[in-house]
Amino acid sequence: MDLPQTMRAVEITEPGGPEVLRPCERPVPVPGAGQILIKVAYAGVNRPDALQRAGSYAPPPTASDLPGLEVSGTVVATGPDVARWSVGDAVCALTPGGGYAEYVVCPAAHALPIPDGLPMDQAAALCENHYTVWSNVVTRGGLVGGERFLVHGGSSGIGTVAIQLAHARGARVFATAGSAEKCAACTELGAERAINYREEDFVPILKAEGGADVILDMVGGDYILRNLKSLAEDGRLVQIAFLQGPKMAVNFAPLMMRRLTITGSTLRPQSDLAKARIAEDLEREVWPLLSSGRIKVVMDSTYDLEKASEAHARMESSAHIGKIVLAV
Ligand SMILES: NC(=O)c1ccc[n+]([C@@H]2O[C@H](COP(=O)([O-])OP(=O)(O)OC[C@H]3O[C@@H](n4cnc5c(N)ncnc54)[C@H](OP(=O)(O)O)[C@@H]3O)[C@@H](O)[C@H]2O)c1
């Protein structure tokens, strides 16, 4: 296949607000061993992109400096040692960076088939959130059917996936969100109780239910103590971000007395092998749920690639419900 030398992309010109995202021209990347080159149809927009843009989440040394952690598109070239994918295959993929562009390379093992019937814009919104939720809620948090699960930021990209996955696996789901409209979205997705945190305190609500077995938290700050209070015996708190800061004075005695676990992870710095293992789990356990429509992609809005700064401004306004994607 004849490929161009250069491509359209969006780069971070300097650390700062959404306005530092600018269209640019870059060389088309070349896939190395075990990698594929994807012609991008849509790119997903995620909070970590905004952190990278602001200068507080540096890409790993081997990754593209361009933002963009997930895409949908078509394989247009393969590097040596790629058996699974061929030119012309439609895929969605977790990318190490570089998704805000016409072409991106990623390890072949981090691409997945498009679930049956899913349009390309929705397929671009899958990988970052499903990889993160699966590895933190199921693998790390050990959530099983019948347990009580609390997710904060229930209407976020992450939250909409976490609610549906936990519900589909038979857990009782509780979610917090910042408005009545967002709470309604959470209950529609399977939360039995959505808590508007501006009006209600989640701690007594969870305690009255016997406590949460697993909490997925992205807020931190004073939520750290309140989460620990909300956990059931043997409960697990899984931290994936600290929107209100990572520091808090904590009395650790309850960890011992109630056998609590505090854990957490970030996806991006993990090894290629670790991500490939998550992809295998997702294809086996979650992709059938997406193909059958049991788990849906909650879409907020689509912007043209060149309007990435507007997409970031919307995400940081927190007015959105679900996912924002860029049409490339
Ligand atoms: N560890 C990892 O590997 C990993 C991977 C992906 C994402 N993440 C993190 O997961 C979080 C969600 O990501 P996303 O892409 O789904 O983002 P998103 O859609 O923008 O969601 C962020 C949510 O957080 C809530 N929020 C924002 N500021 C807040 C604050 N100061 N206090 C309390 N809640 C606040 C907002 O909901 P309300 O309006 O209801 O407050 C919003 O829905 C982000 O923090 C992101 O960095 C972590």
Per the Kirkwood treatment, what hydrodynamic radius in Å, one decimal, follows for the chain from the mean inverse distance over all distinct Cα pairs? 20.1
Using a Förster radius of 41 Å, what is the FRET efficiency between Tyr57 and Ala208 based on their Cβ-Cβ separation? Nearest 0.05, please. 0.65
Arg84 to Thr139: extension gain in nm, 0.36 nm per residue of separation minus the Cα-Cα distance? 17.3 nm
Total charge of the residues flanking Asn136 in space, meaning their Cβ is under 12 Å from its Cβ, with Lys and Arg +1 and Asp and Glu -1, is +1
Leaving out same-chain residues fewer than 8 places away, which aspartates and glutamates sit with a Cα under 14 Å from that of Lys229? Asp201, Glu209, Asp213, Asp217
For segment 31-80, what is the accessible area per residue in Å², given a 1.4 Å probe and the full set of protein chains? 34
Estimated FRET transfer efficiency when R0 is 41 angstrom, pair Ala184-Glu25 (beta carbons, to 0.05): 0.40
Just to confirm, what accessible area per residue do you get for segment 234-328 at 1.4 Å probe, in whole Å²? 52
Determine the gain in length on full extension of the stretch Asp116-Asp201; use 0.36 nm per residue of separation and subtract their C-alpha separation, reporting nm with one decimal. 26.6 nm
Cut-off under 17 Å on the C-alpha distance; same-chain residues fewer than 8 positions from Lys307 excluded. Which lysines are left, in chain and number order? Lys323
Using alpha carbons only, how many angstrom separate the centre of segment 263-327 from the centre of segment 180-247? 21
Using a 1.4 angstrom probe on heavy atoms only, work out the carbon and sulfur share of the accessible area of segment 134-182 in %. 51
Can you give the extra length, in nm with one decimal, that the chain gains between Val250 and Glu14 once fully stretched, where that is 0.36 nm per residue apart less the Cα-Cα distance? 81.3 nm
Can you give me the C-alpha center-to-center distance between segment 80-114 and segment 17-46, rounded to a whole angstrom? 11
Roughly to the nearest percent, how much of the accessible area of segment 1-132 is carbon and sulfur, given a 1.4 Å probe? 53
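The values are calculated or read from the model by the stated rules, or taken from the named source; none is laboratory data. On a predicted model such as this, the values are computed, not experimentally measured, just so you know. Glycine gets a Cβ as well: all are built from the backbone with ideal geometry, and neighbour counts include every protein chain shown. All accessible areas refer to the heavy atoms of the entire protein, side chains included, with ligands and DNA or RNA removed. Shrake-Rupley method; radii C 1.70, N 1.55, O 1.52, S 1.80 Å.
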